[in-house]
Each structure stands twice: as C-alpha cells, then as structure tokens.
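Shown next, in structure tokens, is the structure this report addresses.
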Amino acid sequence: MTDRLNKLRSQLATKGLDALLVSQAENRRYLSGFTGSAGFLLISQQKAILATDFRYVEQAQVQAPGFEVVQIQGDIAKWFPGLIAELQARKLGFEGKSISFSTYKELTDAINNIKIKISLIPTEGLVESLRAVKDKEELRLVEKAADLADAALEYIIPRIKPGALEKEVAWEIESFLRQNGSESVPFELIVASGPNSAMPHARPTDRAIRQGEPVVIDIGATVDGYTSDMTRTICLGNGDNMFNKVYDIVLGAQLTAMATLQAGMTGEQADRLARIVIEQAGYKDAFGHGLGHGVGLATHEEPRLGKSSIDILAEGMVFTIEPGIYISDWGGVRIEDMVVLEEGKVRPLTKAKKVWRP
C-alpha cells in the first residue's frame, strides 16, 4: 500500500492538491486494504486517515495498518471539519464521479462553518489510473479468478441439454463458482439463448434452451476482491448456416485483435482492429458496444477499448477483448477473453476452448 500511496501523492503534487478525499469503494480498498462498505480516506503528503463508523473500526485497524483509523458518527458536519483542519489542506480534491450532489453540499456547508479557507476541487481518474496497471499480486489474483471461470465453463457446457432453463443453468454455474472458491459473483451471470442472446446484457429467464440456436454464456469469479470476465457462445447440436457464419466472423475478429493489438495503442485503435473485420463482413450496425474494458477490483474499469477512447494501453494492464454480433429476433454471438499486456503483446488469461460445436 505504501507504493500506491506514494504514486497517488505524486499525482496530488502534480495537480496542485494538498489532499484527496476518497469515497469510491474500490479506490478505498485499493489504497488502504479496507473492505468495509462505508468510510472515507483523507490522504495528504504527510497523513493517511481512514474515517469509518463503529461497525468497521476494528476491521479497519486490522486491514489498514498504514492508516490512522478515526471513528466517525452522524452527519458529515459533525466530524469532517475536525479532520480537514488536522490536515491543514487548502486545496482538497474529491472524486467527482463518486460524490453525490447532496454529499457535496454537506461537505461545502461543513467547510463554510469553519474559519479555514478551503477549496473543494473535483477530480477524475486519479486512483483509477493507478489501478489500471496491475502489480504482481494483483495479476496473481486476477489469474486465479480467470482460472475459476475457465473451470466453471468446462463444468457446465457438457451438462447443458435441450429443455434446460436459462435460470437453471445460470444458478448451476454460480453454485459451482461459489463451491470452488469464488466470493460473490462480480456481476449477474448471463445465460441467454435464441432471440434473448441478441441482447448483450440479457438476464437469465425461464426460457428453455433449444437445439440449434446460439447460447451466450457470460461468467466471472471473484478472488480476494479481484474479478474475471469471460464469454463463450455455444450451440447445442448443429447450428444453422447463420450461426456458423456469424460465429466465424466474431471469432475471426477476436483473434485478429488479439494477434495485432500492441502496447501504446489507444483504446479506439484497438477497437478498430476487430471492428473492421465485422464491418467488412457486412455487420457494421450489429456490433454496438466497445471491444473491451479493464478488469480488476471492478469488472468494468480503466482502460476502455472502444470508439473515441483515448486511453493508452500500457504494460501490465488487464482488459477484455469481446467483439460480438447481435441480430434481433435471431440471436447473438459474443466471444470474450481477458488478457494482460506483457512485452508489448497480449497474453490470454482466460483459456476455455472457443469451439463447442460438434
């Protein structure tokens, strides 16, 4: 945690900030190790304070030994002025995307009630940019989560039979994940068959899976807070000509991106590697989401791979490569793998086989 705090403090100095108020849950955990659901970090060049309520004080003292743990109670106005006065900060950054307007107003009112002149300055992405590059321990945990997702897919595919309900299959996958070491699943698992698979974020329903139609399975695991995300599309029995055609296009787009993506590209340039394959096949309007997203403490984090993304892909970043084609009233195909950038190229972290057709 010391290294992470030092990197953040360097950013604060660059931005001309005296301190940063951290409220976003994953950022709070990343910097302190504290996993509780409530609390704030106040970080300056000299101090690191974790403010939380009675429920989490003992937990915070164990999980965040490098922080001064302060018990807080009641409205922000009751405890914030004392903490900020102790820091002697004049320019206080806060996470603009995490703080609600009502909380911002409480902070402003609390500051106005003390005699110290403090400027509240919104920030964006200070901690998230640090989280985008994984250290060795983070990568180890992500790989464990990826291996667990691989194992769950290998387990469930042979057990899916025509007539099985999407909800039943999703629950069996979740049960396997939990019984084999996953914490709570990082997102609602997707099992979408037939026309339902045309919705990229479909939820499992009571629909029975039928032979010869696409079935999109999007799963992930959580290991010590770090997550995985992987999608495979299968077909029970022989797919029709449409399935075989669309599947091969999506697979070709994904393999092209994985083979040609390089460190130093922007997220938009990486997205284009796969998108051009799909466009040239005549399905330009059927690939409506980005190529991928970062994965770590959150399932969706920096970097973003998609149209207009200026994120620079760098060594140590973990992200997904997940092109897809979605056709209303028929279905969809998505193939998603997690990768890490190493020595300028991508290394796959998820390894479940991609061709389940007979």
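In whole Hz, what ³J(HN,Hα) sequence does the stretch 188-194 give by Karplus (6.51, -1.76, 1.60; θ = phi - 60°), x for Gly and Pro?
5, 4, 10, 10, 10, 10, x
From the phi angles alone, apply the Karplus equation (6.51, -1.76, 1.60; θ = phi - 60°) to the stretch 246-258 and give each ³J(HN,Hα) in whole Hz, x where the residue is Gly or Pro.
5, 4, 5, 5, 5, 4, x, 5, 5, 5, 4, 5, 5
Only sites in a loop by DSSP and with at most 11 other Cβ atoms within 10 Å count here; which GluC sites (Glu not before Pro) in the stretch 120-176 make the cut? Before the final figure, lay out the partial values.
Details: sites: Glu124, Glu128, Glu137, Glu138, Glu143, Glu154, Glu166, Glu168, Glu172, Glu174; in loops: Glu124.
Those that pass, being in a loop and sparsely packed, are Glu124.
Do any of Lys105/Lys307; Lys97/Lys353; Lys7/Lys307 go past 31 Å between their Cα atoms, and which? Can you show the working numbers first?
Working: Lys105/Lys307 35 Å; Lys97/Lys353 38 Å; Lys7/Lys307 29 Å.
Distance filter (> 31 Å) returns Lys105/Lys307; Lys97/Lys353.
Between Val70 and residues 5 or more places away or on another chain, which pairs have amide H atoms under 5 Å apart, with H built 1.01 Å from N, and which residues are they?
Amide H neighbours of Val70, under 5 Å, 5+ apart: Leu50, Ala51, Thr52.
Return one quarter of the surface area of the convex hull spanned by the alpha-carbon atoms of the stretch 2-131, equal to its mean projected area, in nm². Walk me through the numbers on the way to the answer.
Values: hull surface 27.9 nm².
Result: a mean projected hull area of 7.0 nm².
List the residues whose amide H sits under 5 Å from the amide H of Gly332, counting only those 5 or more places along or on another chain, with H placed 1.01 Å from N in the peptide plane.
Ser197, Ala198, Ile327
Can you compute the modelled spin-label distance between Val355 and Ser175, with each label point 7 Å from Cα toward Cβ, in nm?
With each label placed 7 Å out from Cα toward Cβ, I get 3.3 nm.
For a 30 Å ceiling on Cα separation, which of these pairs sit above it: Lys167/Lys345; Lys144/Lys167; Lys161/Lys345? Could you put the intermediate results ahead of the total?
On the way: Lys167/Lys345 38 Å; Lys144/Lys167 26 Å; Lys161/Lys345 38 Å.
Those over the limit are Lys167/Lys345; Lys161/Lys345.
Using amide H atoms built 1.01 Å from N in the peptide plane, name the residues 5+ places from Val133, or on other chains, whose amide H lies under 5 Å from its own.
Result for Val133 returns nothing.
State the antiparallel share, in %, of DSSP beta bridges confined to the stretch 2-131, rounding to the nearest 5.
Details: 8 of 20 bridges.
The answer is about 40 percent antiparallel.
In whole Hz, with x marking every Gly and Pro, tabulate ³J(HN,Hα) for the stretch 90-103 from phi via Karplus 6.51 cos²θ - 1.76 cosθ + 1.60, θ = phi - 60°.
Once θ is set to phi - 60°, the couplings for the stretch 90-103 become 9, 10, 10, x, 9, 7, x, 7, 9, 7, 6, 4, 5, 5 Hz.
Restricting to bridges with both residues inside the chain, how much of the DSSP beta-bridge set is antiparallel, in percent to the nearest 5? Each step should come with its number before you reach the end.
Working: 40 of 52 bridges.
Bridges in the chain that DSSP calls antiparallel: roughly 75 percent.
Run down the lysines and flag those whose C-alpha is under 16 Å from the C-alpha of Lys115, throwing out any fewer than 8 positions away in its chain.
Lys78, Lys91
Bear in mind that the values in this text are calculations on the coordinates, not laboratory data. On a predicted model such as this, the values are computed, not experimentally measured, just so you know. Please note: Cβ atoms are built from the backbone with ideal geometry, for glycine as well, and neighbour counts cover all protein chains shown.
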